[in-house]
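For reference, the structure discussed in these notes is given below.
Just so it is clear, none of the values below were taken in a lab; they were calculated from the coordinates. Please read these numbers as outputs of a predicted model, since none were measured by experiment. Methodologically, a virtual Cβ is constructed for each residue, glycine included, from the backbone with ideal geometry; neighbour enumeration extends over all protein chains shown.
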Amino acid sequence: MVGEKEMTEKLLTPPCGLYCGFCPLYIRKECEGCGNGERAECELYQCARGKELEFCSLCSNFPCELSYESHSLHPVWLDKLRKYRAASTKEV
């Protein structure tokens, strides 16, 4: 059986991968977390759910321009992910 703490953690783990507890919008109480509704105003959420993905990082196009435009994802981190993905897909 899933406990209350586990359910809260699941609700605060959005498709972008940023724990909601660290998100400026969540901290300012402008957002309840991606697990609490359809999140129509969040393009990252809508994109991931539209592709039936739990996390953006599971998408073959990640990181994409939408992720770079996000307020919650740091561009340096995204650049590193892009380089890592490119290196890991090269044929040996």
Inter-label distance for E43 and A86, nm, one decimal - labels placed 7 Å from Cα along Cα-to-Cβ: 2.2
Using alpha-carbon pairs under 8 Å, 6+ residues apart, how would you state the relative contact order of the stretch 12-89 in percent? 28
How long are the three semi-axes of the equivalent ellipsoid for the stretch 12-89, computed from the Cα gyration tensor as the root of 5 times each eigenvalue, in whole Å, largest first? 22, 14, 10
